[in-house]
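A short write-up of the structure that comes next.
The values are calculated or read from the model by the stated rules, or taken from the named source; none is laboratory data. In this text, all values refer to a predicted model and were calculated from it rather than measured experimentally. Note: ideal-geometry Cβ built from the backbone for every residue, glycine included; neighbour counts use all protein chains shown.
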Amino acid sequence: MAIGSTIHTFDVQLADTDRGVYEDYALRVARHPSETDAYMLTRVLAHGLEYVEGIAFSEGISKTDEPAVLVRDLTGAITAWIEVGAPDAERLHYGSRLAERCVVYTHRDPDKVMLPWAGKRIHRAEHLRVFSFDPGFIEQVVPHLERRNTLTLTVTEQVLYLDLNGTSLTSSIHEHSIA
C-alpha cells in the first residue's frame, strides 16, 4: 500500500448469471493519491466482473510490471492480466504473452483508448477484449462512493445492475475487439 493511500472497503454481493458466478466477499481497496475515483471504481467493477478463484488487485501504481487486477493459479502463475483505463500497447503485449487471458476495462471512450494501439505489436491481439460501460455510467456512480461501501453487482445478458450504498444504476457491458 502506497503512503498516503485512502482505504475504501466494499462488501460485495456478486450474481453473474452470464458466467454462473455467485459470491459474497469483502474488498479492501487502497486508492493512491494520484488515482481518480472513476479509475478506482472501474478497478472494483473489473474485479467483480472477472471474479474467479485467485483474483487479486496488484500493487498497482507502485508495481509497474503488473496490471491493476490479476488472476493467479495455485502455482502462482498469472492466468489473467486485467488492465484498467487506457494502457499502452507495450503493456498489453507483455500481459498477453504472460497470461492466457488479457482484457481491458475502461471508464473512457473505448475508441479513443484503442486508437493508439493501431499498428502496434500486441501478442495475440485477436484475443484481446476491451470492456466499457454506457457513456456517463461511471460518472453517475462515483458520487455515491464512500470509505465503507455496500455493493451489489448483478450481471444478466451483458447488462450490469449495480447497487452502491442504496443507489441503483444500470449499464450495458460493451465488448470491443481490436482485431
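Here are the numbers:
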| item | result |
| --- | --- |
| Cβ pairs under 6 Å, 6+ apart, first in the range 123-137 and more than 13 Å from residue 176 (Cβ to Cβ), second buried (at least 17 other Cβ atoms within 10 Å of the Cβ) | 123/93; 123/96; 124/96; 134/171; 137/171 |
| Residue within the range 106-122 that is within 16 Å of the chain's Cα centre (by Cα), over 20 Å from residue 68 (Cα atoms) and part of a helix (DSSP H, G or I) present | no |
| Residues satisfying the stated conditions in the range 44-62, i.e. crowded, with 17+ Cβ neighbours inside 10 Å and part of a loop (DSSP other than H, G, I, E, B) | 50, 51, 58 |
| Residue ID - nearest to residue 113 (Cα to Cα), chosen from residues in the range 151-179 that are modelled with pLDDT of 95 or more and not in a strand (DSSP E or B) | 158 |
| Count of the range 161-179 residues which are over 15 Å from residue 10 (Cβ atoms), aliphatic (A, V, I, L, M) and surrounded by 16 or more Cβ atoms within 10 Å (Cβ to Cβ) | 3 |
| Neighbours by Cβ (under 7 Å, 6+ apart or cross-chain): first from the range 80-98, under 16 Å from residue 55 (Cβ atoms); second buried (at least 19 other Cβ atoms within 10 Å of the Cβ) and of a type in the set (Asp, Glu) | 80/50; 82/50; 95/83 |
| Scan of the range 88-105 for residues that are farther than 16 Å from residue 177 by Cβ and either in contact with a Pro (Cβ under 7 Å, 6 or more places away or on another chain) or not in a helix (DSSP H, G or I) (or both), ordered by number | 88, 95, 99, 100 |
| One residue from 74, 41 being loosely packed, with under 14 Cβ neighbours inside 10 Å, out of contact with any strand residue (DSSP E or B) (no Cβ under 8 Å at 6 or more places or on another chain) and not in a strand (DSSP E or B) | 74 |
| So residue 118, is it modelled with pLDDT under 95 and either among the small types (Gly, Ala, Ser) or more than 16 Å from residue 49 (Cβ to Cβ) (or both) | yes |
